[in-house]
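> My questions will all concern the structure given below.
The values are calculated or read from the model by the stated rules, or taken from the named source; none is laboratory data. From a predicted model like this one, the values you see are computed outputs, not experimental measurements. Cβ atoms come from the backbone with ideal geometry, glycine included; neighbour counts cover every protein chain shown.
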Amino acid sequence: MNRLTLFGLFSVTAMLVCYALEARSRWYVLGFAVACGLGSLYGFLQGAWPFGVAEAIWAMVALHRWWKGGDGGSIP
């Protein structure tokens, strides 16, 4: 496994963990946003720009949710 693959694995794992824990604290929403940003960077570095764009959008959505004070518990 090369460093880029390890970086991608870390990014996606962080996204999964933060997403699963969002209902516990709004700080996990921020963690999810950061992890999505890292996933976006991974997508662009790997050459999969559609993945990079999609993850960048998710990062912006999560940042907006965090900024407004929302947490995972407010989503039905």
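> Any residue that is closer than 24 Å to residue 67 by Cβ, assigned to a helix (DSSP H, G or I) and without any contact (Cβ under 8 Å) to a residue 60 or more places away in the chain - is there at least one of those in region 3-11?
There is at least one residue in region 3-11 that is closer than 24 Å to residue 67 by Cβ, assigned to a helix (DSSP H, G or I) and without any contact (Cβ under 8 Å) to a residue 60 or more places away in the chain.
> Against the definition (within 20 Å of residue 2 (Cβ to Cβ) and either assigned to a helix (DSSP H, G or I) or among the aromatic types (Phe, Trp, Tyr) (or both)), how does residue 52 come out, yes or no?
yes
> Also: Going by the structure shown, is residue 52 at pLDDT below 95, under 15 Å from the mean Cα position of the chain (by Cα) and of a type in the set (Gly, Ala, Ser)?
Working: at pLDDT below 95: no; under 15 Å from the mean Cα position of the chain (by Cα): yes; of a type in the set (Gly, Ala, Ser): yes.
The answer is no for residue 52.
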